[in-house]
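Chemist: Below you will find the structure I want to go over with you.
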Amino acid sequence: MKNKKQAVVIFSGGQDSTTCLFWAKQQYEEVIAVSFDYGQRHKKELECAAGLARTYGVEHHIFDLSLLNQLTPNSLTREEILVDKEAPEEGTPNSFVEGRNMVFLTYAAIFAKQRGITDLITGVSQSDFSGYPDCRDIFIKSLNTTLNLAMDYEFDIITPLMWIDKEETWAMADELGVMEIIHDKTLTCYNGIPGDGCGECPACKLRRRGYDRYINRRSSS
Ligand code: ZN
């Protein structure tokens, strides 16, 4: 029995947001996915998202946010900037897109309100936040308050992955019965390779480490 009506999921087609999408499908009668085209180097990301939404019967919208790319050149949007292999000692990695989660959630909120929806779901995680300040719980709570004040509305930003790491995210996918889909059909890799990815970039390493740990744990229990 689904106890809630509708939710909007911020959906990139990666491991985290796809896990959240399936989680939401279990909780809500209707789930709408929104993705953003900000000139990411890998159009494949949006293709993955669109393909998954189509296959699993989820209404999907892709909004144009090319302005974000104009304002913040970084390694996820520019060919000539190579992704940092390791996180820098200070500051954010060069894969950080300034303001991205704030902008995404804000536009998703505007869209949701038009449809009379209050619940916004995002796959950010403070546990694996890779130095991205806009994945922290304090930021999400702060933005939630701001959005409510900005639009005089009771938004509820829901973060199912906030306190769990990649290993636990795989466990969640397994519980939802979608581990294979997440493994084969999502794209997390900074080099734009779906599934197992390039194996070299920080996103692939994080994803792989979590996967191996979960598989080991499952087989030893
Ligand atoms: Zn990769």
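The values are calculated or read from the model by the stated rules, or taken from the named source; none is laboratory data. Small disclaimer: the values here were computed from a predicted structure and weren't measured. Note: ideal-geometry Cβ built from the backbone for every residue, glycine included; neighbour counts use all protein chains shown. Heavy atoms of the whole protein, side chains included, go into the accessibility calculation; ligands, DNA and RNA do not. Shrake-Rupley method; radii C 1.70, N 1.55, O 1.52, S 1.80 Å.
Chemist: Against the conditions (1) closer than 25 Å to LYS185 by Cα; (2) under 15 Å from the mean Cα position of the chain (by Cα); (3) modelled with pLDDT of 95 or more, where does MET102 fall short? Just the number, please.
Modeler: (1)
Chemist: Name the single residue, out of those in region 178-193 being over 11 Å from GLY14 (Cα atoms) and touching a helix residue (DSSP H, G or I) at 6+ places or on another chain (Cβ under 7 Å), that is nearest to the ligand (Cβ to nearest atom).
Modeler: In this case the residue turns out to be MET179.
Chemist: Kindly indicate the residue of region 135-166 that is part of a helix (DSSP H, G or I) and modelled with pLDDT under 95 and also nearest to PHE111 (Cα to Cα) among those meeting that condition.
Modeler: Of everything passing the filter in region 135-166, CYS135 is nearest to PHE111 (Cα to Cα).
Chemist: Same structure, new question: Out of CYS204, CYS198, report the one residue that is within 8 Å of the ligand (Cβ to nearest atom) and in a helix (DSSP H, G or I).
Modeler: CYS204
Chemist: How many residues are of a type in the set (Val, Ile, Thr), open to solvent by 60 Å² or more (accessible area, probe 1.4 Å) and touching a strand residue (DSSP E or B) at 6+ places or on another chain (Cβ under 7 Å) when one looks only at region 101-152?
Modeler: Number satisfying all stated conditions: 0.
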